[in-house]
Amino acid sequence: MKLYRLKRTQSLPVSQSEAFEFFANPQNLRSVTPPSLRLTFLSDPPPELFAGATLDYRISLYGLPVHWRTIIDLWDPPTRFVDIQAHGPYASWRHTHIFEPDGERRTTMRDVVEFSMPLWPLGELVYGPLVRPMLDRIFDFRASELERLLGTASDKHA
């Protein structure tokens, strides 16, 4: 089974702690998720994330409802956190969020997503034509919403 890696870097015009706090609030997940995914929490998320926190939500992929359960695997404020998929559309999904200070009021945010496709080897066939472009659209939307919400300057692909 092949492990794919998606990397993104974005400059945020807020301090490291402010950037981390934005992502620590699970309600902000809605504001940086494309409306077409129709993200709906299946249970009330905690007011703030922590190691071991679980988020249960439903998204729509190609018009089909998909249950996704995320667990916060590592919580290291204000420098990084890792969420993993416990249940969802991928065979595996590990998303590392890294926040590095870049001056007094700027933060470089790095995302590293390592994942593998389900239904090996059939899942591999849809990665190039369907999955990678969809992930690029999702992360492009997230970058533009962060620009709108926080006034960021982004470096699209790292």
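Rule-based calculations on the coordinates, nothing more; no lab input. Fair warning: this is a prediction, and the values are worked out from it, not measured in the lab. Reconstructed Cβ throughout: ideal geometry from the backbone, glycine too, with neighbour counts over all protein chains shown.
Summary of computed values
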{"read-out": "Under 14 Å, Cβ to Cβ, from Leu42 - net charge with Lys/Arg +1 and Asp/Glu -1", "value": "+2"}
{"read-out": "Thr40 versus Asn28: modelled label distance in nm, points set 7 Å from Cα along the beta carbon direction", "value": "2.6 nm"}
{"read-out": "Among Ala51, Ala86, Ala24: highest mean-square fluctuation, GNM of the chain, C-alpha pairs under 10 Å", "value": "Ala51"}
{"read-out": "Per-residue ³J(HN,Hα) for region 112-129, Karplus 6.51 cos²θ - 1.76 cosθ + 1.60, θ = phi - 60°, Hz, x for Gly and Pro", "value": "10, 10, 10, 8, 10, 7, x, 6, 4, x, 4, x, 5, 5, 9, 4, x, x"}
{"read-out": "Under 11 Å, Cβ to Cβ, from Ala24 - net charge with Lys/Arg +1 and Asp/Glu -1", "value": "-3"}
{"read-out": "Residues whose placed amide H lies under 5 Å from that of Asp102, excluding near-sequence neighbours", "value": "Thr107, Thr108"}
{"read-out": "Derived scalar couplings ³J(HN,Hα) [region 18-29; Karplus, 6.51 cos²θ - 1.76 cosθ + 1.60; whole Hz; x for Gly, Pro]", "value": "5, 5, 4, 4, 4, 7, 6, 8, x, 5, 5, 4"}
{"read-out": "Prolate/oblate/rounded call for region 65-132, Cα gyration tensor, a/c under 1.5 rounded", "value": "prolate"}
{"read-out": "Once the Cα gyration tensor of region 1-88 is diagonalised, semi-axes √(5λ) in Å", "value": "22, 16, 15"}
{"read-out": "Difference of contour (0.36 nm per residue) and Cα-Cα distance, Ser11 to Arg58", "value": "14.0 nm"}
{"read-out": "Cβ crowding within 10 Å averaged over residues, with 31-37, 15-21 ranked highest first", "value": "15-21, 31-37"}
{"read-out": "Rounded Å value of the spacing that divides the Cα centres of region 1-63 and region 79-115", "value": "10 Å"}
{"read-out": "Sequence ranges 70-83, 113-126, ranked by mean other-Cβ count within 10 angstrom, highest first", "value": "70-83, 113-126"}
{"read-out": "Gained length - Leu74 relative to Asp140, 0.36 nm times residue gap less alpha-carbon distance", "value": "21.3 nm"}
{"read-out": "Computed log₁₀ I(q)/I(0) - Debye formula, equal Cα scatterers, no solvent, the chain, q 0.09, 0.18, 0.20 Å⁻¹", "value": "-0.28, -1.21, -1.50"}
{"read-out": "Local electrostatic count at Arg69 - Lys and Arg +1, Asp and Glu -1, tallied over other residues with Cβ under 15 Å", "value": "-2"}
